[in-house]
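Since every read-out is calculated from the coordinates, none of them should be taken as a lab result. As the structure is a computational prediction, the values presented were derived from the model and not from experiment. Because the Cβ atoms are built from the backbone with ideal geometry, glycine has one as well, and the counts that use them run over all protein chains shown.
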Amino acid sequence: MRKCSLESMNSVFAEIAKAARLYLPVDGTDGSASYKEWNEGTVWSQALNTVRSPKDFFFPQTENLMEFKTEGKKIEIIDTRSESEDFVIFGVRACDVKSFEVLDRVFLSEPVDSFYASRREHGVIVALACGRPTETCFCTTFGIDAAEPAGDISAWKTDTEIFFRANTEKGSALLSKLDGLTEECSEDAVNGEKEKIAAIMKKLPLKDLTTEGFGGGKTAELFDHPAWAELSEACLGCGTCTFVCPTCQCYDIKDFNTGKGVIRYRCWDSCMYSEFTKMAHGNNRLSQKERFRQRFMHKLVYYPENNGGLFSCVGCGRCLAKCPISMNIVKVMKKIGGKDHE
């Protein structure tokens, strides 16, 4: 394990940026944080989390897949892919690191999504323990430890110092570049910070939320639950929850005529939209109740059934903070999760 003073972090960022593009949370004019590329003078945000997750770095909201150029009956297909640059994402929280495992099972399963795979290969994740979890956090429900973030490098921040531990070969290679700016220390040095975080997690209002009542094999039991109608009644179908969610992976593929050819691109989509997967036959989910149910059944039943019990939620709390009608997965779990959640 290595450590350095917080005062020297600008030098650490500068050293990392020599080897790869560096992205870290930065405060915006509205006070919310988002990932921005580091340049000299960039100020690292101390916000708990960014509005949107770092999912964008591996599965961007829009990306071009290929181009077509036509000349009469001749069609030329142009591969628009280029080798990804090495990049580092600094300050990723434990919940968001876990979300990459969910996405990996989708995009790295056969047939492998080469766009996603290339970005995963070139990206290095520096995860940061959550010093001050908030009332919207419930990552412990899904077995995530906010005090033990995974990633290529794990980091812990105190009032005066920051500590780094490499977990992978990529992490070790990056940390070795910081030898001149950091010093070796014992892993016991972060025990106090871990204990502090654990104590906060035990006091949060959602600490007792459990996944009991959900998981694989619950489709027949939960699909026709009468509460779906009540829960979905106020849903606007705006898709905000899906766009801030770090694990949502739905997308659409469209063609855009530029006048000189056609660009085929991929963009995020939402199962909450009435047009979602609508083709010539129409939409197979005609009501907002059906679309609402699909979102939460997928996260709590369908995904774990097909992925060894892994839930497609990481308890980051973004949907709790951003839903305009305050409807979220916590309310669904409490309402439908059985007598223990009454």
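Which helices count as membrane-span-like in the chain under these terms: full DSSP H, at least 18 Å along the axis by C-alpha, Kyte-Doolittle mean of -1.0 or more? Walk me through the numbers on the way to the answer.
Working: long enough: 94-107 (20 Å, 0.47).
Sorted by number, the helices that extend far enough and score high enough are 94-107.
Relative contact order for segment 245-321 using alpha-carbon pairs under 8 Å, separation at least 6, rounded to a whole percent? Walk me through the numbers on the way to the answer.
On the way: 73 pairs, mean separation 16.6, N = 77.
The normalised contact order for segment 245-321 reaches 22 percent.
For n ≥ 4 DSSP H runs only, could you compute -39500 (n - 2.57) per run for the chain, divide by its residues and tell me the 222 nm figure to the nearest 500?
Details: 12 runs with 95 residues, N = 342.
Counting only the DSSP helices, I get -7500 deg cm²/dmol.
Give me the percent relative contact order of the chain, please, defined on Cα pairs under 8 angstrom at least 6 residues apart. Could you put the intermediate results ahead of the total?
Values: 606 pairs, mean separation 70.1, N = 342.
That works out to 21 percent.
Hey, got a sec? Which chymotrypsin sites (Phe, Trp or Tyr not before Pro) in segment 190-293 land in a DSSP loop and have at most 12 other Cβ atoms within 10 Å? List each step's numbers first, then the result.
Numbers: sites: 214, 223, 228, 243, 251, 256, 265, 268, 273, 276, 292; in loops: 214, 223, 273, 276.
Taking segment 190-293 and a limit of 12 other Cβ atoms within 10 Å, the loop chymotrypsin sites (Phe, Trp or Tyr not before Pro) found are 223.
Checking the table 157/207; 157/218; 36/203; 299/322; 170/203 against a 30 Å threshold on Cα-Cα, which pairs fail?
Values: 157/207 23 Å; 157/218 41 Å; 36/203 32 Å; 299/322 18 Å; 170/203 36 Å.
Pairs exceeding 30 Å: 157/218; 36/203; 170/203.
Between 18, 194, 170, where does the largest GNM mean-square fluctuation fall for the chain, given springs only between Cα atoms within less than 10 Å?
Taking springs between Cα atoms under 10 Å, the residue moving most is 18.
Can you tally the net charge around residue 9? Count Lys and Arg as +1, Asp and Glu as -1, for every other residue whose Cβ sits under 12 Å from the Cβ of residue 9. Working shown, then result.
Details: positive: 3, 157; negative: 7, 15, 161.
Surrounding charge for residue 9 is -1.
Defining a contact as two alpha carbons under 8 Å apart and six or more residues distant in sequence, what relative contact order in percent does segment 1-66 show?
Details: 59 pairs, mean separation 15.4, N = 66.
Result for segment 1-66 is 23 percent.
Using R₀ = 56 Å, calculate the FRET efficiency as 1/(1 + (r/R₀)^6) where r is the Cβ-Cβ separation of residue 184 and residue 326; round to 0.05.
Numbers: r = 48 Å, r/R0 = 0.85.
Calculated value: 0.70.
If you average the alpha carbon positions of segment 233-265 and of segment 294-336, how far apart do those two centres end up, in angstrom?
Cα centroid of segment 233-265 versus Cα centroid of segment 294-336: 20 Å apart.
Just to be sure I understand, if you calculate semi-axes √(5λ) of the Cα gyration tensor in Å for this structure, which of [x] 27, 26, 19; [y] 35, 25, 18; [z] 35, 30, 16 do you get?
[z]
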